[in-house]
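*Asks:* Quick one: structure below, then a few questions.
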Amino acid sequence: MSTSEQVPAEPRAPMSLSPSRASDFMQCPLLYRFRVIDRLPEKPSAAATRGTLVHAVLERLFDDPAAERTAPRARSMVPGQWERLLEAKPELAELFAEDPGGERLAGWLGEAEQLVERWFTLEDPTRLEPAERELFVETELESGLRLRGVIDRVDVAPSGEVRIVDYKTGKAPRPEYRDGALFQMTFYALVVWRLKRVIPRRLQLVYLGSGEVLTYDPVEADLLRVERKLLALWDAIRLATESGDWRPRPTKLCGWCDHQAVCPEFGGTPPVYPLKIVSARPPESGESGQGRMDPAQPSS
């Protein structure tokens with residue numbers, strides 16, 4: 001069954017926020033509804049899948065001894081990690097279904113190899129020993145809002161200072177757009193702060209597409225600010241969930257959206273709203289403590 005023919009998953013009320021879903025709602029509330037509540041299927045993206053592939057290589061490279069973490073070694077891992085991705089998600093084969101000669105696939109893998117190799121001009125993995133890789137973090141704020149996400153890499157200095165690192169396969173944003181780029185990182189910093197009572201010393205975005213590194217050193221006021229923003233965002237999500245009023249917000253990004261056929265901005269009609277009686281509040285946590293910090297598990 002192709003991705004376009006997949007049956008949507010069972011609808012559900014939102015129960016938590018991740019950086020991606022928070023960004024979805026800020027970009028377009030209707031897109032958030034389609035992804036979180038209706039859970040409509042989306043076609044795999046070559047760019048997003050390449051990002052997943054590059055992330056997998058950079059994570060696995062640290063399994064090797066420090067001296068063996070070289071650019072040639074990392075490049076050689078790309079084909080094998082692609083096969084692992086295909087095994088886990090066979091639907092990704094659709095990306096190259098119309099490529100009988102394999103030219104497009106070879107070019108795409110070559111682009112991934114270039115991105116991996118560029119990383120070595122920005123960081124030296126022989127001098128890094130990450131405390132965590134692909135770390136799942138989750139916490140519940142006093143308000144009841146549950147925050148969760150996956151951090152690419154966490155470095156901890158001998159002094160105990162924490163650095164949160166995220167890899168981006170695109171280009172670094174222009175200065176006027178950097179606040180948006182840092183939103184994800186301050187989100188993670190807030191979660192770590194609430195879990196560990198430690199404010200990360202540094203947030204670091206590594207842009208492999210343009211070969212740049214963006215860093216920011218957060219302070220408590222930054223994290224309190226993002227917390228207030230998330231609480232206001234969650235209030236808006238709860239209101240939309242209870243009212244069923246999810247309005248589209250047209251932008252240039254609409255041209256890339258998989259859901260144009262059911263979007264009013266393109267003459268479509270959204271599915272019947274699937275939630276009759278909902279409670280958008282997160283469930284009571286049965287865990288002790290404020291949350292979890294666990295190695296990320298592959299999605300099923």
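Each value in this text was obtained by applying a stated rule to the coordinates, not by laboratory testing. These numbers come from a predicted model, not from an experiment. Don't worry about glycine lacking a Cβ; one is built from the backbone with ideal geometry, like all the others, and counts go over all protein chains shown.
*Asks:* HN-Hα J couplings of region 77-82 from phi, Karplus 6.51/-1.76/1.60, θ = phi - 60°, integer Hz, Gly and Pro as x?
*Replies:* These are the phi-based 3J(HN,Hα) values: 7, 4, x, x, 5, 5 Hz.
*Asks:* Say the dipole of region 40-100 comes from +1 at the beta carbon of Lys and Arg and -1 at that of Asp and Glu; which of Ser45, Ala67, Ala88 then lies farthest toward its positive end?
*Replies:* Positive-end residue among those listed: Ala67.
*Asks:* Then there's this: Explain nothing, just compute: Karplus ³J(HN,Hα) = 6.51 cos²θ - 1.76 cosθ + 1.60, θ = phi - 60°, for every residue of region 223-239 in order, whole Hz, x for Gly and Pro.
*Replies:* 6, 5, 5, 5, 5, 4, 4, 5, 5, 5, 5, 5, 4, 5, 5, 4, 4
*Asks:* Give the separation of the Cα centroids, region 155-170 to region 205-260, in Å.
*Replies:* 22
*Asks:* Can you bin region 110-254 into rounded, prolate or oblate? Criterion: square roots of the alpha carbon gyration tensor eigenvalues sorted a ≥ b ≥ c, rounded for a/c under 1.5, prolate for a/b above b/c, oblate for the rest.
*Replies:* oblate
*Asks:* Any idea what the dipole of region 230-275 comes to, in debye rounded to 20, about its Cα centre with Lys/Arg Cβ at +1 and Asp/Glu Cβ at -1?
*Replies:* In total the dipole reaches around 120 debye.
*Asks:* Where the eigenvalues come from the Cα gyration tensor of region 48-111, what are the semi-axes √(5λ) of the equivalent ellipsoid, largest first, in whole Å?
*Replies:* 24, 13, 8
*Asks:* Then there is this: Within the chain, how many Lys pairs that are eight or more residues apart, or on different chains, come under 27 Å at the alpha-carbon?
*Replies:* Count of close lysine pairs: 13.
*Asks:* Further question on the same structure: Over the Cα atoms of the chain, Rg to Rh with Kirkwood Rh, two decimal places?
*Replies:* 0.96
*Asks:* Among 212-219, 30-37, 234-241, 146-153, how do they line up by average Cβ neighbours within 10 Å per residue, starting with the highest?
*Replies:* Descending mean neighbour count gives 30-37, 146-153, 234-241, 212-219.
*Asks:* Another question, then. When a/c reaches 1.5 or more, the comparison of a/b and b/c decides; with that in mind, is region 99-170 rounded, prolate or oblate per its Cα gyration tensor?
*Replies:* Note, shape of region 99-170 comes out oblate.
*Asks:* Continuing with the same structure: Just order 70-78, 156-164 by mean Cβ neighbour count inside 10 Å, highest at the front, would you?
*Replies:* Sorting 70-78, 156-164 by mean packing, highest first, produces 70-78, 156-164.
*Asks:* So in the chain, what percent of DSSP beta bridges are antiparallel if you round to the nearest 5?
*Replies:* 75
*Asks:* Mind checking the full-extension length gain between Glu220 and Arg127? Use 0.36 nm per residue of separation minus the Cα-Cα distance, one decimal, nm.
*Replies:* 30.5 nm
*Asks:* Putting +1 on Lys and Arg Cβ atoms and -1 on Asp and Glu Cβ atoms, find which of Leu182, Gln204, Leu224 reaches farthest to the positive end of the dipole of region 180-224.
*Replies:* The Cα lying farthest towards the positive end belongs to Leu224.
*Asks:* Using 5 Å bins from zero, what percent of all Cα-Cα pairs in region 1-82 falls into each bin?
*Replies:* The calculated distribution, bin by bin, is 3, 12, 15, 15, 14, 12, 11, 10, 6, 1.
*Asks:* If you take every DSSP beta bridge whose two residues both sit in region 141-222, what share of them, in percent to the nearest 5, is antiparallel?
*Replies:* Restricted to region 141-222, the bridges split so that about 60 percent are antiparallel.
*Asks:* Right, another one. Shape call for region 213-257 from the C-alpha gyration tensor, a ≥ b ≥ c root eigenvalues: rounded (a/c under 1.5), prolate (a/b greater than b/c) or oblate?
*Replies:* Because a/c hits 1.5 or more and a/b fails to exceed b/c, region 213-257 counts as oblate.
*Asks:* Dividing the alpha-carbon Rg of region 42-195 by 2.2 N^0.38 Å yields what?
*Replies:* Ratio of Cα Rg to 2.2 N^0.38 Å: 1.17.
*Asks:* Which one of Gly107, Val78, Phe136 is farthest out on the positive end of the charge dipole of region 21-139, using unit charges on Cβ (Lys, Arg +1; Asp, Glu -1) and the Cα centre as origin?
*Replies:* Looking along the dipole axis, the top candidate is Phe136.
*Asks:* Rounding to the nearest 20 debye, state how big the charge dipole of the chain is about its Cα centre with +1 on each Lys and Arg Cβ and -1 on each Asp and Glu Cβ.
*Replies:* Charge dipole of the chain: 740 debye, to the nearest 20.
*Asks:* Charges at C-beta only: +1 for Lys and Arg, -1 for Asp and Glu. How large is the resulting dipole of region 165-257 about its Cα centre, in Debye rounded to 20?
*Replies:* 120
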